[in-house]
């Protein structure tokens with residue numbers, strides 16, 4: 001046990017390795033065996049998606065065949081909603097636990113390991129929970145009361161209504177995932193890019209009678225598949241399980257009914273159709289796609305807590321495989337250009353989301369924000385110009401509470417001609433129109449997600465870097481080559497830590513980069529953080545070789561639990577959860593293999609002249625490295641040869657070695673999207689003493705001139 005929870009997450013500065021949590025196992029080894037070596041070439045952006053759908057279809061076929069043989073409906077053994085602790089709660093650790101205490105101390109403080117979204121303008125948390133409904137039949141609760149199957153809850157359940165997914169169908173529930181629900185809403189307006197919702201839930205990946213549903217999501221540059229059963233959480237308990245005042249009030253008001261009739265009426269009132277659901281739901285009483293997608297997304301990330309709060313732009317990325325750039329309203333240089341080349345392209349080349357910040361007042365109406373909620377995420381559905389007025393159609397994921405200024409429902413601006421030409425109907429459904437100028441005033445940030453069609457190819461390469469305390473440009477950089485001039489989208493990413501909530505440790509990171517022509521000092525473009533996990537730049541590049549210099553800043557929060565503390569406090573009490581999340585952590589970090597420099601193949605020069613190959617490239621997964629800690633002995637126990645969990649045996653105390661006070665290894669990946677051509681990416685590592693100091697500083701860095709002057713003087717002295 002000591003070897004398991006010792007600081008495998010920590011590594012020495014001179015020996016950077018991809019961190020891991022669990023003992024070595026066959027699954028991580030398989031990732032390494034099938035990983036590409038040397039330079040990584042591009043592939044069509046649709047290839048990973050098609051592979052994930054095929055895998056999802058195969059899983060569903062096997063489950064359906066099994067259930068029919070056994071004459072049972074499908075029950076997911078890996079995400080059983082009846083186990084609320086597993087499905088609702090992320091891994092946590094308590095502060096300074098008493099090792100001699102037999103029971104947890106009621107006064108112990110539990111670390112909050114949920115990472116909140118932040119921005120350059122201060123903390124913003126897009127995780128507002130919809131206020132309690134005023135419906136007299138609704139039952140307020142902090143946690144779900146029970147879980148039931150779709151066929152038990154709904155009278156005539158339909159995954160989609162005959163006309164398919166509609167943005168009006170969506171309602172956020174008790175989960176603080178407005179960022180995700182608003183992202184889902186962005187996919188529901190079919191124009192130039194139809195059927196985006198159907199892409200993540202293919203009709204071939206579900207059997208509603210058996211109760212099995214398959215979905216695909218984008219994670220760390222690859223598509224993954226996820227399988228769930230049809231159980232959903234309800235607000236109200238069964239009649240016989242209700243032990244609070246609701247039961248006594250109900251019995252007294254229905255005393256004239258026979259007991260069995262009273263029970264059936266209870267179920268009809270509190271546990272039937274969409275209004276009974278605890279989390280997200282469809283507005284139509286019989287439609288089910290919204291709660292099932294939300295459940296699959298929660299399972300993919302480990303639990304419902306893991307999807308509480310986030311960036312709307314990242315939600316759209318997860319659902320489309322697109323790339324998002326954050327836009328701060330106050331920073332827009334040319335609003336006309338943003339309108340014509342940006343927002344007017346919504347649902348064609350881009351999807352848009354928007355967010356408001358917290359103003360520190362409980363009543364938005366008193367501050368004149370006219371129905372726009374604080375700290376909340378919205379979807380942009382349409383952009384039009386009507387008689388010289390720029391208008392945006394916006395969706396509140398709550399399904400209610402709307403803008404009440406100009407062009408709001410029922411306002412004087414709505415003439416019969418406007419209603420007809422904009423094809424609009426008034427209603428309290430959370431959908432409203434507002435002028436572009438008002439939109440920029442009310443929403444401090446919005447997110448533009450570029451969608452990629454089959455004409456785009458993507459190359460990606462992952463590695464592990466040691467992030468310096470100074471936040472300087474890293475000794476490691478990426479190189480890539482393109483064989484012809486093209487439009488590119490360049491993305492520097494860290495792993496999505498939402499998939500291993502509780503094991504993120506005390507460090508958080510922001511990223512930026514510069515793109516140079518190889519061996520040139522002047523940069524072409526810079527990319528800055530867009531959300532929590534990526535930095536993005538979009539630029540047209542000519543044929544040639546380029547270098548991407550990385551600037552990553554780390555921030556240490558000592559109030560968060562260390563990874564080893566989370567492992568120590570959960571390895572017995574929540575063993576299954578630790579293995580599940582630890583496996584997700586290890587497989588993701590296995591991407592960060594660092595190759596021996598002597599074995600790297602320098603294929604960049606050849607890539608510039610070589611034509612694009614039609615041969616299928618290797619998988620983009622990167623090989624794992626040996627993840628033994630620098631301060632621990634070999635692990636005692638773990639996974640056996642077949643990959644099944646085995647008992648974790650205590651090991652002898654390891655020999656202590658001094659660690660660096662600042663120790664922040666990070667797995668990072670570069671993706672280069674090219675239109676109608678491909679890039680070849682490699683990793684470049686240089687020794688610090690071979691780098692010119694001035695090359696490390698940005699041109700607008702306050703110390704740039706002083707360093708350049710000092711180096712100039714040094715060169716003159718050397719010549720003399």
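Readers should treat all values here as calculations from the given coordinates under stated rules, not as data from a laboratory. Remember, predicted model here, so these are calculated numbers, not experimental data. Cβ sites come from the backbone with ideal geometry, for glycine too, and all protein chains shown count toward neighbours.
Observations on the structure shown:
- Computed E for residue 209/residue 247 - FRET, C-beta separation, R0 41 angstrom, nearest 0.05: 0.75
- Here the contact order of segment 365-464, divided by its residue count and restricted to Cα pairs under 8 Å and six or more residues apart, works out to 26 percent.
- Segment 233-282 - convex hull of alpha carbons, volume per residue in Å³: 71
- When you count the other C-beta atoms within 10 angstrom of each residue and take the mean per peptide, 586-593, 522-529, 309-316 line up highest first as 309-316, 586-593, 522-529.
- Take 292-300, 412-420 and order them by the average number of nearby Cβ atoms within 10 Å per residue, most first; the result is 292-300, 412-420.
- Sorting the segments 274-284, 340-350 by their residues' average number of neighbouring beta-carbon atoms within 10 angstrom, most packed first, yields 274-284, 340-350.
- In terms of its C-alpha gyration tensor, segment 323-450 comes out oblate, because a/c is 1.5 or above while a/b does not outweigh b/c.
- Residues residue 526 and residue 85, FRET efficiency given R0 of 41 Å [Cβ-Cβ distance, rounded to 0.05]: 0.35
- A simple spin-label model places pseudo-atoms 7 Å from Cα toward Cβ; at residue 51 and residue 675 they are separated by 2.6 nm.
- At full extension, residue 337 and residue 69 could sit 90.4 nm farther apart than now, given 0.36 nm per residue minus the alpha carbon distance.
- Between residue 385 and residue 158, the simple spin-label model (points 7 angstrom out along Cα→Cβ) gives 3.9 nm.
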